[in-house]
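Readers should treat all values here as calculations from the given coordinates under stated rules, not as data from a laboratory. Note that this is a predicted model, so its numbers are computed, not measured. Positions of Cβ are backbone-derived with ideal geometry, glycine not excepted, and every protein chain shown enters the neighbour counts.
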Amino acid sequence: MKTYKIAAIPADGIGIEVIAAGLAVLDACAADDGGFRLDTTHFDWGSDYYKKHGAMMPANGCDQLRSFDAIYFGAVGAPDVPDHITLWGLRLAICQPFDQYANVRPTRIFPGIKSPLRDVADRDLDWVIVRENSEGEYAGQGGRSHRGLPEEVGTEVSIFTRAGVTRIMRYAFRLAQARPRKLLTVVTKSNAQRHGMVMWDEIAAEVAREFPDVTWDKMLVDAMTARMILKPATLDTVVATNLHADILSDLAAALAGSLGIAPTANLNPEHKFPSMFEPIHGSAFDITGKGIANPIGTFWSGVMMLEHLGEKRAADRLMSAIETTLADPANHGPDLGGKANTRQVTDAVKAALQASARASLPVRAQVPELVPAGA
């Protein structure tokens, strides 16, 4: 039997609750499949670790993670620790050294979920947003001078390299090529940012010539927000910079019904380093400990992790169980206007998995290929 080594980092807030739920569902999925198992190691890194040790994780944290097949991450952030310390001290401290340059965020309206958009059907909003995850606005370049003086200066330098932009463009075009509509939208802001963003546009046009079967267009990021709301059916695969895609994917999740549903994969497509999978919603300390956190985004992140590991059949079965669960309003948590708690939603997904296994029902693929052929 195949065994996959999984590093679980629940971290902060509701991350602890949803990772526990996610691992329970993934273990059930593996047991039903019968062809693999997960060997999970837990790491207590996060804001509580920071308060004890002055760092979000040990200095050799990435060395400890290097031998794992994947990382299952909860959420980072706490009210009493500055956000830049938590983000750069843990999540980005893993993403950047492991060159997880492709951040993939699928979004769709599930049957049973009502979008805040008027008269939008589930078939009208089925997107994958690809976020450049290694440089751009989150490259970490910059500094501060003359602190505390009237002439104090703070700089945050966006870095765009030809290598970095080319590889994310090629990844996005391959992903679009693998999806039925073969449609890609490249998001930019080159009218105002005339150096890095103009290069972004030029490289997009160069890479597009390698994919003649992919239809692509270009949007300024501000116009893109309006298009997402007014014409969602015109979009399919989207690629954008680190900052732009971060913002647009939060909007996408809200338009699909809730941030609690949305997943994330931080991928090193070449498998040189472990990739990391996490829900999009954050630590949500306002509901921590209440038992009402929506675990669906964590389950869907688990789907993406299974697919990345090559367990496509199990990934499809778990995705089908998520669909079945959400189709029943009794399984909707407070973020979806319902009353179900975390445990009820978890139990419903596990029950759907067991019913599918007993019936040996075929399941159709619900998630795009995260690493298209040739990546």
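A few remarks follow.
- Relative intensity of the chain on a log10 scale, I(q)/I(0) at q = 0.06, 0.12, 0.15 Å⁻¹, equals -0.22, -0.91, -1.44, per a Debye sum over C-alpha point scatterers of equal strength in the absence of solvent.
- The protection proxy used here, the mean number of other Cβ atoms lying within 10 Å of each residue, ranks peptides 262-269, 128-135, 283-290, 57-64 as follows, highest first: 128-135, 262-269, 283-290, 57-64.
- Distant-in-sequence amide H partners of G338 (H built 1.01 Å from N, under 5 Å): G333
- Other-chain or far-sequence residues with amide H under 5 Å of A139's (modelled H): I159
- Cα shape, the stretch 1-146, gyration tensor, a/c 1.5 rule: oblate
- Pairs of Lys residues in the chain are counted when their Cα atoms are under 27 angstrom apart and they lie 8 or more places apart or on different chains; the count is 24.
- Take the convex hull of the alpha carbons in the stretch 115-256; its mean projected area over all directions comes to 10.0 nm².
- Among 291-299, 139-147, sorting by the average number of other beta carbon atoms lying within 10 angstrom of each residue, highest first, gives 291-299, 139-147.
- Placing dummy labels 7 Å off each Cα toward the beta-carbon, the span from R118 to I85 is 4.7 nm.
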